[in-house]
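Working notes, beginning with the structure itself.
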Amino acid sequence: MRKRFGFTVFTFIVLFIAMFGAVNGLAYYRSFVADERGMIKVSLSHDAGTYPVVVDITKQGLPKKIFQPGGITVYSGHSGGITNKTSDDLNVIVKFEGFSCPVVFESTDKDFDLLTGELMRTLTPNQAFAMGIELEIARDQLSQKAIAEGQILFINADNGDVLATVHVSVVNSKGSRQE
Amino acid sequence: MKNGTKHFMLRGIWYIVGAALFFSPVALFQKLMITFFHINGRMDIHGMCLRSSISNLVLGKLSMSLSISLIALIMLTIAAVFFGPLFCGSLCPVGALPEYLSKIIPDKFKIDWSRFINPTPVRYGFFAAFILSPFIVGSSICCAYCNFTFFQTLLNGGLWGNFGILGSTTIITALLWLILFGLFTKGGRGFCSFMCPIGAYQNLIYSLTSKLPFVFKLRIDHEKCVSCGVCVKKCPMGALYIGDKGQLKLQINSCILCRQCKAECPKQAISYGLKDLRKKAINNAPES
């Protein structure tokens, strides 16, 4: 009969520990490539704060560099991230501007309209919603130092006031300056 | 049509039902929960994330507030206690997809992992790391390396090339799930064997409860079994093997109760059910 590894106590333990270690290695790699997305945490307020976020494509993992280096996400996270820090109920609309590449909205929040950028429910004080943007950057632009730049504006739909601005920069820290 | 082929096709239909139940665009289970229990939740697989629920349960952090995930976890656990990992073998389309796709690749190009290694320690080594990695390396793999997410991505548009933005861990997951442990693994269920916490959770529970008399169990009638090895060849998980003394053996920690072995057995030596019910059926059979 064929001998299989892992059927004695010793080899069982060896395999268990090997897989345990390998998966922790995968978890460590995950933290290493966490910077592939730009994360934003925004407080919506009447003071209209500015939040800079920089995505450096040199921090992408090898699989992403091979398959999809120009796909960039700037996101607030699944559980919220865009919080109403005023004392008023807010109707929020999100716009983006200034990007030279195709941009679309992304959100796991069922009340966020991906086409119009409108939050279809009223945001009460301290309530949050989740959203982000996806940029598609052409490969030939990725070698530049400054790749793409733009802004995400969070606007009070009732009076047009800007509640917060996220300034997004996509860079290649090892790239060459555009002439 | 052979029984084995019929059963393979019938399983395929149930996996499609599973996809309609738990994944958008249909997500019937989530819709029913939202309608009848008035729970707020997402109408895709993330709305009933079993991975995070299992992780929170084991770590004692499971929220008891009513959610689709909690209801799904309770149902999964009850099913695992009494019937085994039936979700895996009967409803989960995520494990089924690479199994069915792997049929297009000739066997000579596939790796039969169960020939070389015992999958059980690998499975539970993964499960232990799945639970403990946030404390050891400060990073969780609950969402990273999730094949359920990638399956949802495929249904959301990935099937016709619209994958959205993918991260490195998602790309690695796709390569492991579909390619290395899918197309090029015997049975196509390498990811299920080695890297699925949901299957490991159910099998862990079932390995304990299967010793109880009122639990459904896969049984081998060694008087009928001729150790032909057909079931060993057809098992997608490599859970069956011929032991040193030529007797067919089942590794309960690897079995997903797809019952393909039962359908393939030419001697009907494999059954699934309650021991007492079988005895009662034999005792009550009319005398010939």
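The values are calculated or read from the model by the stated rules, or taken from the named source; none is laboratory data. No experiment lies behind these values; they were computed from the predicted model shown. We place every Cβ from the backbone using ideal geometry, glycine too, and count neighbours over all the protein chains shown. Only protein heavy atoms, including side chains, enter the accessible area calculation; ligands, DNA and RNA are left aside. Shrake-Rupley method; radii C 1.70, N 1.55, O 1.52, S 1.80 Å.
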Using only Cα atoms, figure out Rg for the stretch B:35-141 and give it as a multiple of 2.2 N^0.38 Å.
1.32
What angle do you read, to the nearest 10 degrees and between 0 and 90, between the alpha-carbon axis of helix B:68-83 and the longest principal axis of chain B?
10 degrees
From the cross-link list B:K31/B:K103; B:K108/B:K224; B:K224/B:K245; B:K103/B:K211; B:K108/B:K245, which pairs have alpha carbons spaced over 25 Å apart?
B:K31/B:K103; B:K108/B:K224; B:K103/B:K211; B:K108/B:K245
Using only the Cα atoms of the stretch B:148-288, what do you get for the radius of gyration and for Dmax, in Å?
19.3, 68
Over the C-alpha atoms of chain B, what are the Rg and the largest Cα-to-Cα span, Dmax, in Å?
19.5, 68
Report the antiparallel proportion of the DSSP beta bridges in the protein assembly as shown as a percent, rounded to a multiple of 5.
70 percent
SASA check, B:M64, accessible area w/ 1.4 Å probe, all protein chains in place, rounded to nearest 10 Å², comes out at 140 Å²
Please average, across the residues of B:138-148, the number of beta carbons from any other chain that are within 10 Å of each residue's own beta carbon, and give a whole number.
3
For peptide A:29-38, how many partner chain Cβ atoms fall within 10 Å of a residue's Cβ, on average?
5
Given a cut-off of under 8 Å on Cα pairs at least six residues apart, what relative contact order in percent is computed for chain A?
26 percent
Under a 1.4 Å probe, counting only protein heavy atoms, B:Y201 has an accessible area in Å², nearest 10, of 20 Å²
Please list A:115-126, B:232-243, B:261-272 highest first by mean number of surrounding beta-carbon atoms within 10 Å per residue.
B:232-243, B:261-272, A:115-126
Whose amide H sits under 5 Å from the amide H of A:G81, counting only residues 5 or more places off or on another chain, with H placed in the peptide plane?
A:F129
For chain B, the longest principal axis of the Cα atoms and the Cα long axis of helix B:197-209 enclose an angle in degrees, to the nearest 10, of 40 degrees
Rounded accessible area of A:R30 (nearest 10 Å², 1.4 Å probe)
90 Å²
Ordered by packing density, taken as the mean number of other Cβ atoms within 10 Å over each peptide's residues, highest first, how do A:156-167, B:83-94, B:100-111 rank?
B:83-94, A:156-167, B:100-111
With an 8 Å cut-off on Cα pairs and a minimum separation of 6 or more residues, tell me the relative contact order of chain B in percent.
22 percent
Given the C-alpha centroids of the stretch B:81-150 and the stretch A:82-151, what is the distance between them in whole angstrom?
35 Å
For helix B:28-37, what angle does its Cα long axis make with the longest principal axis of chain B, in degrees from 0 to 90 and rounded to 10?
70 degrees
Summarise the partner chain shielding of A:4-13 as one whole number: the mean count of Cβ atoms from other chains within 10 Å of each residue's Cβ.
4
Do any of B:K6/B:K186; B:K6/B:K262; A:K59/A:K95; A:K59/A:K110; A:K85/B:K61 go past 22 Å between their Cα atoms, and which?
A:K59/A:K95; A:K59/A:K110; A:K85/B:K61
Among B:209-222, B:17-30, how do they line up by average Cβ neighbours within 10 Å per residue, starting with the highest?
B:17-30, B:209-222
Along the principal axes of its C-alpha atoms, what lengths does the protein assembly as shown span, in descending order and rounded to whole Å?
88, 51, 43
Out of the DSSP beta bridges found with both residues in chain A, what percent are antiparallel (nearest 5)?
65 percent
